[in-house]
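Step one of this worksheet: look at the structure below.
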Amino acid sequence: MTQGAQQSNGFVLHSRRFRENSRILEVFTETAGRIAVVARVSRRKGGSSASVYQPFRKLSVHWRGRGELQNILSAEELEHFPLSSHASLCGLYCNELLLYLTSKFIPMPSIYSSYQETLKSLAEENIFEPALRRFEFVLLEELGFGLDLETDHLTGQLLVDAEQYYYHPAMGLSSKNPGQGSFIVPAEAIDAIRKQDFSRQSNAKAVKLILASTIDRLLDGRPLKSRQLFRDMVKINT
Amino acid sequence: MDALRCLPGVGPKTAQRMAFHLLERERDSANVLADTLKTALEKIGRCERCRTFTEHDVCDICSSKSRDLKQLCIVENPADVLAIEQSTSYRGYYFVLMGRLSPLDGIGPEDLGLDKLGNRLDENEIKEIILATNLTVEGEVTAHYISEMAGARNIKTSRIAQGVPVGGELEYIDSYTLSHAFESRTNY
Ligand SMILES: [Zn+2]
């Protein structure tokens with residue numbers, strides 16, 4: 001690892017207490033990828049740095065160090081995306097995806113800008129699902145697990161036109177049933193993903209299932225706690 | 001010395017100073033301290049109603065008959081109850097989560113006794129819930145979750161707002177600010 005001081009813009013994804021007056025922050029930076037930094041935090045009356053290290057704030061961060069854990073030298077807030085109630089949970093879901101799926105120290109500029117766009121949408125719009133789908137889509141693409149929506153994995157040929165297809169998270173699309181682990185998706189949903197149009201309600205469920213099942217495969221059995229919380233909340237209202 | 005280091009703000013040097021002080025000069029006090037800690041650990045448990053620390057089955061606030069049955073204030077920590085009691089004129093009851101929802105730390109509704117809170121809301125006495133969780137992202141998620149629980153039961157919710165600095169924890173806020181934030185709580 002480099003030893004000189006570095007600077008990048010970035011967002012705190014998660015923080016946990018470390019000793020009495022410090023926190024370990026996982027920061028998703030624009031130019032250095034995901035890093036873990038130690039930051040001193042004042043919790044006393046009038047303490048200001050606690051708010052800077054909250055998620056969903058674009059910071060200009062200076063840090064220095066070698067190895068896994070770096071030390072933060074300064075952090076200045078550049079922009080705040082105020083996420084309230086349900087949007088805050090959606091934001092944490094994005095953070096959880098980034099924590100589990102991105103590697104440390106590998107810059108991911110496209111994911112970074114998509115993340116920022118997502119926070120903007122979550123802060124400004126009333127419907128959150130399209131923004132989340134777009135973020136999931138970009139994340140899969142940029143991590144090298146983009147969906148192949150043109151090939152029939154059973155035949156190896158171009159997918160023939162049909163009303164519906166079978167989707168298997170590991171193998172992809174087919175027009176005949178490949179057996180266990182696949183589910184039926186309407187052609188409309190595939191078309192929506194091709195066009196990256198995530199706003200249509202009619203196929204939202206199928207699109208969500210395709211992206212979620214593919215993400216689950218990458219997570220390799222690791223459960224997403226924020227998604228569980230979404231489910232718990234749905235249960236409250238039924 | 002290692003045992004003392006579990007206390008917040010006590011590093012190795014301080015722990016050493018404390019230990020030597022107790023052993024050299026304050027052996028009687030050390031005994032009292034040891035006994036007190038032991039009794040506290042044996043006697044102090046969680047209130048059956050609000051989950052705060054208490055020596056009894058039900059804490060003093062929950063067993064008081066003179067408070068407003070219609071209001072329930074949700075806080076993260078026992079220290080928040082003390083802070084609100086000292087700084088505001090709130091006269092309802094409390095529910096202490098002993099934490100906040102934090103999916104990324106694996107803390108879910110069951111860890112905060114929200115099932116217990118649900119049962120309490122089902123008793124049908126509470127008409128207003130005041131969400132006094134910290135103004136952090138996790139505090140916000142927690143407030144949102146509880147407001148959904150309340151909404152499903154047609155209970156009004158409000159959230160403390162102005163004055164509390166973002167990222168701030170109630171325990172560390174001055175009483176004027178906290179009192180103001182409490183008075184100017186908004187529908188949530
Ligand atoms: Zn109680």
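For the range A:116-180, state which GluC sites (Glu not before Pro) are in a DSSP loop and have at most 13 other beta carbons lying within 10 Å of their beta carbon.
On the way: sites: A:GLU117, A:GLU124, A:GLU125, A:GLU136, A:GLU141, A:GLU142, A:GLU150, A:GLU163; in loops: A:GLU125, A:GLU150, A:GLU163.
Those that pass, being in a loop and sparsely packed, are A:GLU125, A:GLU150, A:GLU163.
Where in chain A are the helices, taken as whole DSSP H runs, whose Cα atoms extend 24 angstrom or more along the long axis and whose Kyte-Doolittle mean reaches at least 0.5?
Details: long enough: A:85-101 (25 Å, 0.87).
In chain A, the long hydrophobic H runs are A:85-101.
Using the Karplus curve 6.51 cos²θ - 1.76 cosθ + 1.60 with θ = phi - 60°, work out ³J(HN,Hα) for each residue of the range A:70-84 in order, rounded to whole Hz, and write x for Gly and Pro.
9, 10, 7, 9, 7, 8, 10, 7, 9, 7, 10, 9, x, 9, 10
How large, in percent, is the carbon and sulfur part of the accessible surface of the range A:71-175 at a probe radius of 1.4 Å?
Values: 2350 of 4880 Å².
In the range A:71-175, the share of accessible area belonging to carbon and sulfur is 48 percent.
What do the square roots of 5 times the Cα gyration tensor eigenvalues come to for the range B:20-59, in whole Å, largest first, as semi-axes of the equivalent ellipsoid?
Details: eigenvalues 191, 12, 6 Å².
Working from the Cα gyration tensor, I get semi-axes of 31, 8, 5 Å.
Kindly provide log₁₀ I(q)/I(0) values, in the same order as q = 0.13, 0.18, 0.22 Å⁻¹, from the Debye equation applied to equal alpha-carbon scatterers of the range A:6-80.
At q = 0.13, 0.18, 0.22 Å⁻¹ the computed log10 ratios are -0.32, -0.62, -0.94.
Could you give the accessible area per residue of the range B:4-43, probe 1.4 Å, as a whole number in Å²?
Details: 3400 Å² over 40 residues.
Here the per-residue accessible area is 85 Å².
Can you give the Rg/Rh ratio of the range A:70-169, where Rg is from the C-alpha atoms and Rh is the Kirkwood radius?
1.09
Just tell me which lysines come within less than 16 Å, Cα to Cα, of B:LYS70; anything on the same chain fewer than 8 places away is out.
Hits, sequence-local ones excluded: B:LYS127, B:LYS156.
Give me the percent of the accessible area of chain B that comes from carbon and sulfur atoms, probe 1.4 Å, all protein chains in place. It would help to have the intermediate numbers written out before the result.
Numbers: 5010 of 9840 Å².
That share works out to 51 percent.
Determine Rg/Rh for chain A; Rg is computed over alpha-carbon atoms and Rh is the Kirkwood hydrodynamic estimate from the same atoms.
Numbers: Rg = 20.1 Å, Rh = 19.5 Å.
Reported Rg/Rh (Cα atoms, Kirkwood Rh): 1.03.
For the range A:1-138, what size does the Cα cloud have along each of its three principal axes, sorted from largest down, in whole Å?
40, 37, 23
Sorting A:VAL160, A:VAL52, A:VAL185 by accessible area (1.4 Å probe), largest first, what list results?
Values: A:VAL160 85, A:VAL52 30, A:VAL185 0 Å².
Per-residue accessible area, sorted high to low, gives A:VAL160, A:VAL52, A:VAL185.
Which value in Å is the Kirkwood Rh of the range B:21-140 over different Cα pairs?
On the way: mean 1/r = 0.0617 Å⁻¹.
Value: 16.2 Å, from the Cα pair sum.
Give the residue list of chymotrypsin sites (Phe, Trp or Tyr not before Pro) in the range A:143-216 that are DSSP loop and have at most 15 other beta-carbon atoms within 10 angstrom. All intermediate terms of the calculation are to be shown ahead of the outcome.
On the way: sites: A:PHE145, A:TYR165, A:TYR166, A:TYR167, A:PHE183, A:PHE198; in loops: A:PHE145, A:PHE198.
Sites meeting the loop and neighbour criteria: A:PHE145.
Summing both sides, how much accessible area is buried between B and A? Use a 1.4 Å probe and give Å² to the nearest 100. Show your work: numbers first, answer last.
Values: alone 11110 and 13000 Å², together 21650 Å².
Using a 1.4 Å probe, the pair buries roughly 2500 Å².
Return the percentage of antiparallel bridges among DSSP beta bridges fully within chain B, rounded to the nearest 5 %. Before the final figure, lay out the partial values.
On the way: 5 of 18 bridges.
Here the antiparallel bridges make up roughly 30 percent for chain B.
If the cut-off is 30 Å between C-alpha atoms, which lysines fall inside it for B:LYS43, apart from same-chain ones fewer than 8 positions away?
By straight Cα distance, B:LYS43 reaches B:LYS65, B:LYS116.
Would you mind telling me the antiparallel percentage of the DSSP bridges in the range B:53-159, rounded to 5?
That works out to approximately 5 percent antiparallel.
Set the bar at 26 Å for Cα to Cα. Now go through A:LYS195/A:LYS235; A:LYS176/A:LYS208; A:LYS120/A:LYS205; A:LYS104/B:LYS13 and name every pair that lies beyond it.
Values: A:LYS195/A:LYS235 33 Å; A:LYS176/A:LYS208 22 Å; A:LYS120/A:LYS205 23 Å; A:LYS104/B:LYS13 35 Å.
Table pairs above 26 Å Cα-Cα are A:LYS195/A:LYS235; A:LYS104/B:LYS13.
Just to be sure I understand: of the beta bridges DSSP finds with both ends in the protein assembly as shown, what percent are antiparallel, rounded to 5? The partial results should precede the final answer.
Details: 43 of 60 bridges.
Beta bridges within the protein assembly as shown, antiparallel portion: roughly 70 percent.
Quick check on the protein assembly as shown: what does the Kirkwood estimate of hydrodynamic radius come out to from the alpha carbon pairs, in Å? Could the numbers behind the result be given before it?
Values: mean 1/r = 0.0409 Å⁻¹.
The answer is 24.4 Å.
Expressed as a whole percent, how much of the Cα-Cα distance distribution for the range B:5-80 exceeds 15 Å? Please report the intermediate quantities before stating the final value.
Working: 2018 of 2850 pairs.
In whole percent, the share of Cα-Cα pairs in the range B:5-80 beyond 15 Å is 71.
What's the whole-number percent of alpha carbon pairs in the range B:4-43 lying beyond 13 angstrom?
Values: 456 of 780 pairs.
Distances greater than 13 Å cover 58 percent of the Cα pairs.
I need the trypsin sites (Lys or Arg not before Pro) found in the range B:37-66, filtered to DSSP loop residues with at most 15 other beta carbons within 10 Å of theirs. Intermediate results must be reported in sequence, preceding the final value.
Numbers: sites: B:LYS38, B:LYS43, B:ARG46, B:ARG49, B:ARG51, B:LYS65; in loops: B:ARG49, B:ARG51, B:LYS65.
Taking the range B:37-66 and a limit of 15 other Cβ atoms within 10 Å, the loop trypsin sites (Lys or Arg not before Pro) found are B:LYS65.
The values are calculated or read from the model by the stated rules, or taken from the named source; none is laboratory data. Remember, it's a predicted structure, so these values are computed and weren't measured experimentally. Neighbour counts run over all protein chains shown; Cβ positions are idealised from the backbone, glycine included. Side chains are part of the model used for accessible areas, which takes the heavy atoms of the whole protein and leaves out ligands, DNA and RNA. Shrake-Rupley method; radii C 1.70, N 1.55, O 1.52, S 1.80 Å.
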